[in-house]
1. If we keep just the residues of segment 79-105 that are closer than 24 Å to Gln315 by Cα and surrounded by fewer than 20 Cβ atoms within 10 Å (Cβ to Cβ), which is nearest to ligand 2 (Cβ to nearest atom)?
2. Mind telling me which of the residues Gly91, Gly84 ends up being within 19 Å of the chain's Cα centre (by Cα) and over 15 Å from Ile132 (Cα atoms)?
3. Collect the residues in segment 234-265 that are within 15 Å of Arg191 (Cβ to Cβ) and either modelled with pLDDT under 90 or open to solvent by less than 30 Å² (accessible area, probe 1.4 Å) (or both), keeping them in residue-number order.
4. Return the residues of segment 112-131 that are within 16 Å of ligand 2 (Cβ to nearest atom) and surrounded by 22 or more Cβ atoms within 10 Å (Cβ to Cβ); say none if nothing qualifies.
5. Could you tell me which numbered condition Ile134 fails, if it satisfies all but one of (1) crowded, with 18+ Cβ neighbours inside 10 Å; (2) farther than 23 Å from Glu47 by Cα; (3) touching a strand residue (DSSP E or B) at 6+ places or on another chain (Cβ under 8 Å)?
6. Has segment 52-60 got any residue that is in a loop (DSSP other than H, G, I, E, B), modelled with pLDDT under 95 and surrounded by 23 or more Cβ atoms within 10 Å (Cβ to Cβ)?
7. What strands (runs of 3 or more DSSP E) lie completely within segment 234-303 and have 3 or more residues being over 22 Å from Pro86 (Cβ atoms)?
8. Given Arg30, Arg40, Arg89, which one is under 20 Å from Asp137 (Cα atoms), charged (D, E, K, R) and within 15 Å of ligand 1 (Cβ to nearest atom)?
Amino acid sequence: MTSAGSLASVIVRTMKLLLDNYDRKINYLRLSITDRCNLRCRYCMPEEGVELVGHKDLLTYEEIVRTIEVFARNGITKIRLTGGEPLVRRGVVDLIKRIARIEGVKDLSLTTNGVLLKDYARDLAEAGLRRINISLDTLQAERFAYITRRDRFKEVWEGIEETMRQGFSPVKINVVVMKGFNDDELRAFARLSLAYPLHIRFIEFMPVGGVSHWDGQEIIPFSRIMEEIKGIGELVPMGPYENGGPAKRYYIKGGKGEIGFISPITSHFCAQCNRLRLTPDGKIRTCLFSDEEIDLKGALRKAGGEAILEEILYQALQAKPEGHRIGDIRFKKCQRGMHAIGG
Ligand code: SAM
Ligand code: SF4
């Protein structure tokens, strides 16, 4: 670490600005609250499940809330809950209620597979959640059962409808586009944004975890997706989201919703990366594609107190790499699966 690097990586407390060594403003924490899941998506988890984090190793809600309080005081303003499937952890609504009340948290959102949403949407809205991302890679029930190894398409679709009824905005549908799996459904997904106020986001498949096979061949270039979608209407470009976010945004003329493209591999956005991740067992990850972790839970349980959380945050800023190395000969796929990191 150079001293110039250390200087750049400084917490400017008065301005509540967290800068890393590459002058990126870090304001976003993605928090995976469980590695358990009620689906078994083929690219994420094996059929038989995985060795799960034991209960005593899971960050407690108390620890999560304390961490967010300290991080928010220092400039983390955006929190996303993810998993595993976050809605399978008991007490999640109460956790959301507590996080929504933390001063400094301006944007609170959730990524879910949608299976339990029909029952949860109302409670989540009442708890203070405003934004939801739902992962859905196919609109065909049979194909859904194949990809996720569970026959639960109907519940997910009803969950999406309930989410719209409860007034969440935006409701984003995350579609991981994979050659040979769902690339014949691009137009069907795009059409959803004509009929509903949904934000459809096409996401590139990524080399994460032991399960997902990776040789780079699964990726469909976004130019091809756009070409297909143009067939159903004029694609109009939009500006970036108010609160950042890596999607390139469009809408189809006359449509109620939006279409976004997220391409971490083919046109990576590391230079604008504003995020840190916290795993269910309390490890900070500074990059989705790197196995380097900082043991927040261990430090917190050993030292207690808030100073240690600030210290860990500071360490994370210092450790955040400039970018991922996918495509580079030195790149090694990280070992933790997406279910244990939080996508
Ligand atoms: N269970 C929740 C869900 O599916 O939305 C939250 C956790 S899941 C790990 C978060 C997101 O990661 C999902 O949208 C999933 O499709 C995506 N994902 C998992 N493995 C992926 C991979 N190898 N490449 C791209 N996206 C992936
Ligand atoms: Fe579960 Fe989400 Fe992974 Fe699918 S992508 S197995 S829903 S954690």
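1. Val105
2. So the residue among Gly91, Gly84 that is within 19 Å of the chain's Cα centre (by Cα) and over 15 Å from Ile132 (Cα atoms) is Gly84.
3. Leu235, Ile252, Gly255, Gly257, Glu258, Ile259
4. Thr112, Asn113, Gly114, Val115, Leu117, Tyr120
5. Condition not satisfied by Ile134: (2).
6. No, segment 52-60 has no match at all.
7. 235-237, 248-252, 258-262
8. Unique residue meeting the criteria: Arg40.
The values are calculated or read from the model by the stated rules, or taken from the named source; none is laboratory data. Every value quoted in this text rests on a predicted model; they were computed, and no experiment measured them. Neighbour counts are summed over all protein chains in view; Cβ atoms, including those assigned to glycine, are modelled from backbone coordinates with ideal geometry. Note: areas computed on protein heavy atoms with side chains; ligands, DNA, RNA excluded. Shrake-Rupley method; radii C 1.70, N 1.55, O 1.52, S 1.80 Å.
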